[in-house]
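Taking it in order: structure first as structure tokens, then the write-up.
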Amino acid sequence: MDKSRSLDALSALSQETRLDVFRLLTRAEPAGMVAGDIADAMGARQNTISNNLAILAHAGLIRSVREGRNIRYFADLEGMRGLLSYLMEDCCEGKPEACAPLLGTIARACGRKPEALMPDKVFNVLFLCAGNSARSIMAEAILTRWGQGRFRAFSAGSLPRGEVHPYTLDLLRMQNFDVSFARSKSWDAFTGPDAPELDFVFTVCDTVAGEVCPAWPGQPMTAHWGIPDPAAATGTEAERRLAFADAYRQLNNRISIFVSLPLASLDRLSLQKRLDEIGEVDDPGRRVTPIQNAKTLLSTVE
């Protein structure tokens, strides 16, 4: 955002009603609100609210989507981030330690940890399924490859089988993975005092999604990315191996989208929405949601 746009944004927010409307819409994210509901919440006439909404939209602070006869309004968080970036681009003469209190205030306002705003943050991600012998092992391997050092991947099971399925190992070797990491283990390994502090926990089977999970260290964000269990597939050997390949393909698709998300710039509510959407990508029987960041989405196993 340049100086002119920043002045427009600050001018728009300098009026009391508009400031209150913008704060109301930030609280309503990601669902947004229609003009009538905004007027009711503000105790103001709808035409007055509509005029102020137009000023906020012109300033790049809100956006709108038509829904039949109504228009739904959303806080434009990218616009606000642009304003904050302009105001802080020369913050503290490049001394991050001096900016730490300010970053901490912004992070807490967004329901995040201050370190989540830092570009060198390494995120700990745990994948869960019941047996920890196929899907979660694949996910751990894929994220380690896609994450390129930005993510530290783990996997576990609620009822671990104690060994990794041989078809899982065969498939990973075919994709040039080093499988020495692969071990079937209980999720109890991630609940003790020495367990890594987790940033994300993803369940990849419906069984675990329906269970009461332990209290994970770090209060991680969670989402369900359910995929049919390839170990339960029946038929010929070729058909059963195809089930493993299909599970790998779906996980590869979803994880490639996940690693492309701008984690440092998404507020917690927007990020949760994106994580939930990823769980619907390429899932038979569910809605497939287009996600802008799915540039690396693959249609077949590489």
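Here are the numbers for the structure shown:
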item: Residue match in region 58-73 (condition: in a helix (DSSP H, G or I), within 24 Å of SER265 (Cβ to Cβ) and over 24 Å from the mean Cα position of the chain (by Cα)); result: yes
item: Condition met for ARG152 (of a type outside the set (Phe, Trp, Tyr), over 17 Å from ALA245 (Cβ atoms) and free of Cβ contacts under 8 Å to residues at least 24 places away in the same chain); result: no
item: Test: residue in region 205-224 that is surrounded by fewer than 16 Cβ atoms within 10 Å (Cβ to Cβ), farther than 27 Å from GLY192 by Cβ and polar (S, T, N, Q); result: no
item: Selection from region 160-185 of residues that are surrounded by fewer than 19 Cβ atoms within 10 Å (Cβ to Cβ), touching a residue at least 12 places away in the same chain (Cβ under 8 Å) and of a type in the set (S, T, N, Q); result: GLN175
item: Which listed residue is assigned by TED's automatic domain parsing to the domain that holds THR144 and at positive phi, from GLY192, GLY235; result: GLY235
item: Matching residues in region 58-77 - criterion: being surrounded by 14 or more Cβ atoms within 10 Å (Cβ to Cβ) and without any contact (Cβ under 8 Å) to a residue 12 or more places away in the chain; result: SER64
item: Number of positions in region 6-32 that are within 11 Å of TYR73 (Cα to Cα) and either in contact with a Pro (Cβ under 9 Å, 6 or more places away or on another chain) or part of a helix (DSSP H, G or I) (or both); result: 6
item: Listing of helices (runs of 4 or more DSSP H) fully contained in region 104-223 that carry 3 or more residues being at pLDDT 90 or above and not polar (S, T, N, Q); result: 135-147, 166-174
item: VAL259 modelled with pLDDT under 85 and surrounded by 17 or more Cβ atoms within 10 Å (Cβ to Cβ); result: no
item: Selected residue [touching a Lys or Arg at 6+ places or on another chain (Cβ under 6 Å) and either touching a residue at least 60 places away in the same chain (Cβ under 8 Å) or surrounded by 20 or more Cβ atoms within 10 Å (Cβ to Cβ) (or both)] from GLY131, GLY157; result: GLY131
item: Any hit, region 37-55, residues being more than 23 Å from ASP267 (Cα to Cα), part of a helix (DSSP H, G or I), at pLDDT below 80 and not assigned by TED's automatic domain parsing to the domain that holds GLN272; result: no
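The values are calculated or read from the model by the stated rules, or taken from the named source; none is laboratory data. Because the structure is predicted, anything quoted here is derived from the model rather than measured. Cβ: placed from backbone, ideal geometry, glycine included. Neighbour counts: every protein chain shown.
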